[in-house]
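Since every read-out is calculated from the coordinates, none of them should be taken as a lab result. Given the structure is predicted, the values throughout are model-derived calculations rather than measurements. Methodologically, a virtual Cβ is constructed for each residue, glycine included, from the backbone with ideal geometry; neighbour enumeration extends over all protein chains shown.
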Amino acid sequence: MRMIDGARGQAWRGIFRRALLAALLVVPLAAHDDGAAHRAVTPAVGTPVPVAGQYDYAGLLHLHTALSDDATGDYDQLARLAAANGLAFLIVTDHNTFGAGRAGEGRRHGVLMLTGMEASRPEGHLLAMGSERAPTDPKTSTDAFLATVRSEDGMSVLAHPTHRKWRWEGPLDDRIDGLEIIDLADLFYASSTGDKVATVAALGVVGPTAYLRLSARPDEALRMWDAVGSRRRFVGVYAPDIHQAVELWEGAKLPFPPADQIMRLARNHILVDHPLSGDLIADRAAVLDALKAGRVYVGLDILGDAGGFRFTARTGKTTARMGMEIPVEGETAFEVRSPSAAAALEATIRLLRDGVVVAQSTPGASTLRYGDRRPGVYRVEVVVPRKSAPQAPGETIWIYSNPIYLRASGILRGS
Ligand SMILES: [Zn+2]
Ligand SMILES: [Zn+2]
């Protein structure tokens, strides 16, 4: 979330900066609807081809509409752009309101639209998904909030937990199901004026890949993820945090960054056992179940479609998918399968245990196999070299898996 500058003393400086930014934004805004030129993904939402028995759907969560006072846009606009960008689902989370609520849910332009909420808590911002009764009043207790979402079988996720202004200051309660490892809008809004200007200037030349300049490895969020994961499942997701609003002055907002650009950058890919059916109740459950179970990976799909990525582990007779907690029984055989775009990107598969790389493929490899007997949080980062993403500050993580958790049998609590 962006907060409008509170201090009056900063107001004039803020207005000057915004006016400068507005002048710069006019060019990419005028040019932003540049059609297929920069699209890396297929603009169609159909039934995907199953890989290893699972169907892969790309979608986004944590988007705002004009129901948030610091955003523009509406469900129909977001759905239309999502369809054009090959997204199967969106979970809209306006600030402190279920806004359109259940009535806003359903298929629009072929896209499954779901309603959640981004709640301002005393400790930071929490997303509630699969909930309709979580308290919208920021003054209610977070304990009650988490209890309500849990009682509805919903999902609570930390929004931008390591953000320098709006970080999560509370305890990592066991009822918090996951965290955002990347919150794109906040990377943009919180960047320096110089970085904003450079990003906006580059947009006119290289299109939305210009945002990759903000894509440094989110080390602090990854450490938090691995640390909580050592005790329990903790789901990592990507959030575009779409606002489409730069406030110039009270009541005047430029629709920037445009949703159409942001939707092409990165996506959550959920894995489900059956194709989405078109039935709202069943599809909502399928999407939320996959997210809660951690059957999700993040792809910076603007570099190449991450669809088809798979990460599994086999131990004894069990084959574990992402998000599962399994007991150590002798050696566990991990297998990572990179999507087909990996070859052209010369992407390297890295398997990490508790944040430390334990195995690495050659560049462009399609698979990585590795065995280990130690408990730990195992997850995958597929990285591309600078030459495959020249706008980025260094090598870029193209794909983040969710972990598979290998537990010493004493601490396994079932999954
Ligand atoms: Zn926020
Ligand atoms: Zn937000």
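Laid out as a table, the results:
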item	result
FRET efficiency, 1/(1 + (r/R0)^6) with R0 56 Å, evaluated for residue 252 and residue 49 via beta carbons	0.75
Mean projected area in nm² (Cα convex hull; one quarter of hull surface) for the chain	18.8 nm²
Partner aspartates and glutamates for residue 253 [C-alpha distance under 13 Å; skip if fewer than 8 residues away on the same chain]	69, 70
Long-range amide H partners of residue 106 with built H, under 5 Å	113
Tail beyond 19 Å, pair distance distribution of the range 310-411 (Cα, percent)	41 percent
For residue 235, distant residues with modelled amide H under 5 Å away	178, 179
Principal-axis tilt of helix 193-206 within the chain, Cα atoms, nearest 10 degrees	80 degrees
Under 26 Å from residue 317, Cα to Cα: lysines that are on another chain or at least 8 residues apart	292
Reach of residue 387 by Cα under 19 Å, taken over aspartates and glutamates that are not fewer than 8 positions away in the same chain	301, 305, 346, 395
Euclidean distance of C-alpha centroids, the range 302-381 and the range 192-262, integer Å	26 Å
Förster radius 56 Å - calculated FRET efficiency between residue 343 and residue 277, Cβ distance, rounded to 0.05	0.95
Amide H partners (placed H, <5 Å) of residue 73, local residues excluded	66
Two-site FRET efficiency, residue 193 against residue 289, from Cβ-Cβ distance with R₀ of 51 Å, rounded to 0.05	0.75
Estimated translational D of the range 258-305 in µm²/s (Stokes, Kirkwood radius over Cα pairs; 4 °C; 1.567 mPa s)	108 µm²/s
Length-normalised contact order of the chain in % [C-alpha pairs under 8 Å, at least 6 apart]	15 percent
